[in-house]
Each structure stands twice: as C-alpha cells, then as structure tokens.
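As structure tokens, the structure follows; a few thoughts come after it.
The values are calculated or read from the model by the stated rules, or taken from the named source; none is laboratory data. Bear in mind that the values here come from a model prediction, so they are computed numbers and not experimental data. Reconstructed Cβ throughout: ideal geometry from the backbone, glycine too, with neighbour counts over all protein chains shown. What goes into the accessible areas is simple: the full protein's heavy atoms, side chains included, and nothing from ligands, DNA or RNA. Shrake-Rupley method; radii C 1.70, N 1.55, O 1.52, S 1.80 Å.
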Amino acid sequence: MANLKNLNAEQRTAVKATEGPVLIFAGAGSGKTRVLTHKIAYLIHEAGYAPENILSVTFTNKAAGEMRERVGEILKSDVSHLSIGTFHSICARILRNEIHHLGFTRSFAIYDPQDKETLLKIILDQLNVSKDYISARTASHQISMFKNKMILPEDAKEGAKKVIDQRMADIYSGYQRALKDNDALDFDDLLVFPLVLFKKKPAILKKYQEKWKYVLVDEYQDTNKPQFLFVSQIADKHKQITVVGDDDQSIYGWRGADIQNILDFEKIFPNCTTIKLERNYRSTQNILNAAMAVVENNTERTPKTLKAENGMGEGVGFLETEDELEEADAVVNALEKEIKLHKRLLSEFAILYRTNAQSRALEDSFRRMGIPYNIVGGIRFYERKETKDILAYLRLIINPKDTIALRRVINFPPRGIGLKTVDKCVKQAADVKKELFDVLDDPNQMDIRGKQAMALKEFHDTIVKFRDLIEKLNPNEFTRALVEETGIINHYKSSDELDRDERIGNINELLNSIEDFVNRNPDHDLTDFIEEVSLLSSVDEWNDENNRVTLMTVHSAKGLEFPIVFVVGLEDGLFPLYRSLDNPKNLEEERRLFYVALTRAKEKVFLMYAKNRRRMGIDYDVGMVSRFIREIPEELLESISFQSAMTKKVYKGRAGKTRVQVTRTVVAFDDFKVGDYVEHAIFGIGHIKALTGAGENQRVGVVFKDGLKKKLIVKYANLKKVETA
C-alpha cells in the first residue's frame, strides 16, 4: 500500500474520506491526480473495494492512462479490472454491450465531426435547405448543443417557436434517423444514449450501479448535463462518489459544460464532505498572485487562496510590441535569452494563444530562425486524408450500413465511379428498400454498364471478401492485406503529388499503430482499434519528449505544464474575445481561461500585447491592452523592452485598404564561407558546410553539435563568426 506520508494534510483528508459524497476543490497545481490515484489505491487496500467495483472518469485518454499507470505503481499489482477512462470511452464500452436494446448493433460506427458534417450535407440536400440558410457546420454545432443539454429531437420540435427553429428540429430528426440507418453514433450520442438506455431499461442502470459501487470524477467543472446525469445516476444507489475539480478552470461553457455542476454539488448531494486543496506545487507565488488577481474579479466562484511551495519567483514579464510580426520576433528573442542564460531545452517553452489563426506569424518567425516547433491542434494523424481513407474501408467492412464510409472510399483509389453513379445507387436502394451497399452487387438493375458496372461489382466483392476474412486474420495482417489488395499504396507510389512520400509514410505509420495496438491488446479486434483512435484528442498525441517549442491554444494547454509560458495576443477583443465584452457570463469564462494560461507556467510567464494586429486579411486594427493585464497589480509585472530588427511602414493601398511594408533595419552582415565556424543563439557553435548568395540574402547550411543540421537565412539567423569550434 502507498505511504500517505508523502501527501499533505488536506490531501490525506481527501484520500481517507470514503464514506458518502466528497467534493474536492483542487486549485491549479495542487496535486489532484496524486490525490485521485492514492484514493483509488486506498479504496482497494484499506476500504475493501474490489478493483472491478470502482469507476474513475476523466476527460482525456492521456489523463486516464497516467492514472491507471500510477495506481498500478502504488498497488504494485494488476489493475486491469479497474474501470478508468474518459466519459466517451466508458460510455462506448457500455453501448457495445447494451445498444442492441435501442436497435443498433455492437459494431456501430462512431462518426467524427467531419463524418457528421458530411451526413448533414446529405440531410440538408434531402430537405431542400439552402446552405446559406443553415450550413452543415451550423447544424452540427446546434445539434451538439441540443445533445449537451439533453434536448432530444422530439423536445426540439416541441420547443421550436420560430420558423428557423422548426427547420432545425426537422434537420435534427432527419440526422438522427440517418445515423440509425447507418448504424452509427456521433461523439455526443456516446454520452446521451446510455441515459436513454437507463430510462428505457431500468434494469441496465441497476446492473451498472451494482457493478460500480464507488465513482470518482476528475475535472468535474467541465461536465455537461449528460455527463452530470451519467455519474449522478450511477452513484445514486450507494451515494459513494468523489468529484475533483476547480471552478476557476471551467473553460468549456461554449461546448455545453456547466460550471453550476460543481458549484451546486453540495445541494445535489446533501451531507457531502468539502475539501480545498490550496497548496500549489507547480508555479511560483508571483505567477499565482497574478492569476488570482484576475480570476477574483469573477462572481461565480468559490473563494480559495493558492500558496506556492516553490517560492516567490520572478516577476511576470510584460512586452508591448507594434504588431503580430514584432510580437513573434519578441518571442524568439526572449526564448534565445532564456536558452543562453539558463541552458534551457526548446521543449521547456510553450506559446499559448486564444485562437488558432494566431499561430501563423509565430510559425513564420520560427521557420526563418530554424527553430523546431510542434503545433497541438493542427491536422492530427488520424484526421489526415490517407489515414481516414483506410479507416473508412475498415469501418465499412465492419459495418456495411455505414454509408458515409462507403461514399468516402467507393471511388478511392479512383475506379471510375462518379457522383452520378453513386446517386443512382442511392435511388435504387431507396426504391427497393435495401441498404446502399447491397445494391452495388447488381449494377444492371440501375442501368449501369461497362467499366462502371465492373468497378461497382469489384468494389462490392472486395468488401464482402474482407468481411469473410475479418475473423481469420488478426487486425494487423488484415489491414496490411486490405491496403495491398485495394491498391492504395500503389496509387500514391504512381502519383505525382508533392506529398506522396509523406502520405505513404503516414499509411505505414497507421499499419504500425495497428500492429502496436495488437501487441498491447492481443484479445481486441478492429472495432476496438477504430473506437480507440476515434476517441483520441490532440493532447493525447502531444509528445513532450521531442525537443521542440510547443504552440497551442489555451484550451489545448489545459492539464499541461511548462517551465516557461508565453501568452500572446493580449488585446481586448482577442483575449478576451469581442463577443464576451458585453456578456458577463462569457467574460467570466474568458477570465478563467486567462487564469488557466498563467497557471500552466512553472517558473516564468511572458505576457505579450501588440498595438496593431491584422484581423482579417491585410487590414490592421489598433489594439487596446487586455483588461486582464490591467487587472494584475503593477508591482507583479516586469516590463521588458524589445527593439525589433524590422521596420514597418503603414500606408493606404487600393480601395483604402491598410497595407504594411516590412523591411529589415540595415545592419552589417558578414560574408561567410564554407569552413567558417559560427555561433547561433539557440543551437550554439556550428560549422558551415554549404552556402549560396551573399550579404543579408546569404543562405548557409550549418552542422551544429550532436550532428544537428540546419539551413538558415543569414539576415534572420543572427549568426556570429567565431575563430574556432
């Protein structure tokens, strides 16, 4: 059993509180994961719970994996019987076993946001709804909001007051019918359908109440209505539930999270024990004081005072720049100084921004300087076209009703089956009341002849052939055979696309990931693999072992920590966003988001503000410093001056558009030659192996220590010639 002596007094109290409901307010960096893992171990070792009778729910696969690993280390025993996972994965597991009661099969597909929009486009077309009236993206967002509030299609119809609301209710109903026809659920359904099951079949709810006698919930402040109902119904019989969260870090209201779930917990579960964890083990006191000075302006919160175990630390850096280009230069400059003075790794830095679009100027600056970086929340591996194509083949083989998967691959690799042919097949399926896949076997019935008929028949037969093979081969062998037979690799090998090698590499990486999955889970099948990758988030794929600067939105940074954090774009209208300025509730969430940004930092925070910023296209807006900066006491801020090497001239172009001409301040440049040794602020001393051009336009190929090779542009790289290595 773990020694509780390594916990502080409040943490020990939280671990030992095993009778009745428990609410733990865990401030940023206060060791909530440690408390949860020790509590699970305590429940098993001291309180007499069997591992299979404990349910622990969190929000990311990464957090769930870490929790399982830590509990195993504490108990030094097998924890495979523990139910630890995300809400979506736990609910998906229930549905695989129980969804037949709702008319689906256990092989149901899980549609991601792109699949969802594809299906909605078909529904909008069927209902003759113009995309200018309601777009697929708008419909997708509205349907998510319905489900996050447990509003079912019949409820939406009943509550529709305006014509557009009635139309939206029709779209919602049509979409849910289409999902059923496709034997598919979307992400939101994974949370809603267990509740529908519990209501229709009380015996199923009773079964899981008996199975999970103790429930623990991480990040409780981020729960929406279905998640709240799920855990409260499971815990309703035994009332043995511990929830951990921080109302000051509730930042997902825009996607349905309800901060009242944590603020009202004591009303919903009377006689609950409430514990506050206020000792911070991550940040310095100066960082915490700045963060708290802002979030204390919120009215919807529980008062708490964080005390840093790491001392006062440095002041919070504040930099004012002319625009986003200079802001990016200032980030690089500060980063160089930190590396030079404190010998830091690139992986110790994170650049946080409010919106994804802000990464562009930063990326440009990093590329010019040859600084490696990693963007979290870009196109993720399992969302790339070539990866999704193969996954769509697998989905279709497992579930022939999945028309979204079918439409994706019926003409990939290209086999001459155009949209008109697909439309004929759709019409035939509707006329004869068959599944779309089943009519592909007889093209003559649809007046399809020649090569197209042959292609349809071959496609149909290939899918049928692999349906027969699915039980005979393991997932790894099966997918490799499928990729070979369908000709996907050969398609890319014969392609003249510039990124064909990258696509082939991604396909091989997918095959490797399936092989890894089989090695980790020898008893699991392809359905389990597809479910696992469907539920991955961008944070789950982030790897901090790579020595790269991390760029991400503040939302993506939740749950992570870095020694040095830059928060850029701190202007009113950007952070906080314009739409929150006249909405007190939204402004409070923006303030919590700022609090989250600061409390990601362990040692140092740089806050960046640009006086001008391009919002749309080339027009510049004059920015006002964020009110959040103004809410921080001046004595906590350390102003840092920065002089860019860029000169910007603003002038009016055609049609009165504001344009900016950027030139580099004239400085003297060395003309380097092959064989010279040079010093770079980040990479140290290197040896020039190749060069082209002269003066500021000179480009050099340099080999630095440890064999690191870089191609650099002299006017940006700020190289200094040195005599020896």
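What FRET efficiency, computed as 1/(1 + (r/R0)^6) with R0 = 30 Å and r the Cβ-Cβ distance, is obtained for K16 and E52, rounded to the nearest 0.05? Before the final figure, lay out the partial values.
Working: r = 22 Å, r/R0 = 0.75.
Taking R0 as 30 Å, the efficiency between K16 and E52 is 0.85.
Put the Cα centre of segment 270-333 next to the Cα centre of segment 121-178 and the gap is 41 Å.
Write down the Å³ per residue value for the convex hull defined by the alpha carbon atoms of segment 541-609. It would help to have the intermediate numbers written out before the result.
Details: hull volume 6.3 nm³, N = 69.
Each residue corresponds to 91 Å³ of Cα convex hull volume.
Working note: Cα gyration tensor of segment 203-335, eigenvalues times five, square-rooted, sorted largest first, giving semi-axes of 39, 18, 14 Å.
Ranking P522, F265, S580 by how far each Cα lies toward the positive end of the dipole of the chain (charges on Cβ) leaves S580 at the top.
What does the extension gain come out to for R630 and R699, with contour length at 0.36 nm per residue minus their alpha carbon separation? List each step's numbers first, then the result.
On the way: separation 69, 0.36 × 69 = 24.84 nm, distance 4.33 nm.
Extra length available between R630 and R699 comes to 20.5 nm.
Ranked by the mean number of other Cβ atoms within 10 Å of their residues, highest first, the peptides 384-393, 628-637 fall in the order 384-393, 628-637.
Here the calculated FRET efficiency for K465 and K180, from their Cβ-Cβ distance with R0 = 30 Å, stands at 0.60, rounded to the nearest 0.05. Our Cα-only numbers for segment 61-172 put the radius of gyration and Dmax at 19.4, 61 Å. According to the Cα-based calculation, Rg over Rh for segment 477-604 is 1.14, with Rh computed by the Kirkwood formula. Each of K5 and L637 was given a label point 7 Å from its Cα along the Cα-to-Cβ line. The distance between the two points is 4.7 nm.
For the chain, the share of DSSP beta bridges that are antiparallel, to the nearest 5, is 40%.
Each Lys and Arg contributes +1 and each Asp and Glu -1, all at the Cβ; summed about the Cα centre of the chain, the dipole is approximately 720 debye. Every pair of different Cα atoms in segment 265-307 enters the Kirkwood calculation, which places the hydrodynamic radius at 12.3 Å.
Over all alpha-carbon pairs in segment 144-188, figure out the percentage whose distance exceeds 15 Å. Mind showing how you got there, number by number?
On the way: 419 of 990 pairs.
It works out to 42 percent of all Cα pairs.
In terms of its Cα atoms, segment 165-224 spans 43, 29, 20 Å along the principal axes, sorted from long to short. For segment 20-60, the convex hull spanned by the alpha carbon atoms encloses 94 Å³ per residue. For segment 554-609 versus segment 225-267, the spacing of their alpha-carbon centroids is 24 Å. Given R0 = 30 Å, the distance between the Cβ atoms of K711 and N546 translates into a calculated FRET efficiency of 0.95. Size check on segment 97-142: the Cα extents along the three principal axes, sorted descending, read 41, 19, 15 Å. For the pair K585 and K237, the difference between a 0.36 nm per residue extended length and the Cα-Cα distance amounts to 121.8 nm.
Give the accessible surface of the chain per residue, rounded to a whole number of Å², with probe radius 1.4 Å and ligands, DNA and RNA excluded. Please report the intermediate quantities before stating the final value.
Values: 33310 Å² over 725 residues.
Ligands and nucleic acids excluded, the figure is 46 Å² per residue.
Can you give the calculated 222 nm mean residue ellipticity of the chain, where each DSSP H run of n ≥ 4 adds -39,500 (n - 2.57) and the sum is split over every residue, rounded to the nearest 500 deg cm²/dmol?
-13500 deg cm²/dmol
With the biggest extent put first, the Cα atoms of segment 350-423 measure 49, 24, 21 Å across the principal axes.
Given segment 119-206, what whole percent of its Cα pairs are spread farther than 19 Å?
Working: 1525 of 3828 pairs.
Within segment 119-206, distances greater than 19 Å cover 40 percent of Cα pairs.
Rounded to the nearest Å, what's the spacing between the alpha carbon centres of segment 446-501 and segment 382-437? Just the number, please. A separation of 12 Å, based on Cα centres. Within segment 216-260, the proportion of C-alpha pairs whose separation exceeds 16 Å stands at 35%.
Using only side-chain charges placed at the Cβ, +1 for Lys and Arg and -1 for Asp and Glu, the dipole size of segment 240-344 relative to its Cα centre rounds to 800 debye.
Given the pairs K39/K558; K427/K451; K213/K304; K307/K604; K39/K211; K493/K710, which are separated by over 25 angstrom at their Cα positions? Cα-Cα > 25 Å for K213/K304; K493/K710; rest within. When Rg and Dmax are taken over the Cα atoms of segment 236-293, they come to 14.6, 45 Å. Where in segment 405-427 is the amide nitrogen less than 19 Å from a point lying 7 Å along the Cα-to-Cβ axis of R449? Zone members listed by number: 416-418, 420-422, 424-425. With the dipole of the chain worked out from charges on the C-beta (+1 for Lys and Arg, -1 for Asp and Glu) around the Cα centre, which of H38, G245, Y595 lies farthest toward the positive end? Comparing the listed Cα positions along the dipole, Y595 ranks first. Normalising the Debye intensity of segment 305-430 to I(0), with uniform scatterers on Cα atoms only, and taking log10 at q = 0.15 Å⁻¹ returns -0.84.
Simple rule: put +1 on each Lys or Arg Cβ and -1 on each Asp or Glu Cβ in segment 216-299, find the dipole, and look at N297, G256, F228; the Cα lying farthest toward the positive end is F228. Multiplying the residue separation of H687 and H342 by 0.36 nm and removing their Cα-Cα distance gives an extension gain of 121.8 nm.
Of the Cα atoms belonging to segment 144-285, the radius of gyration and Dmax stand at 18.0, 56 Å.
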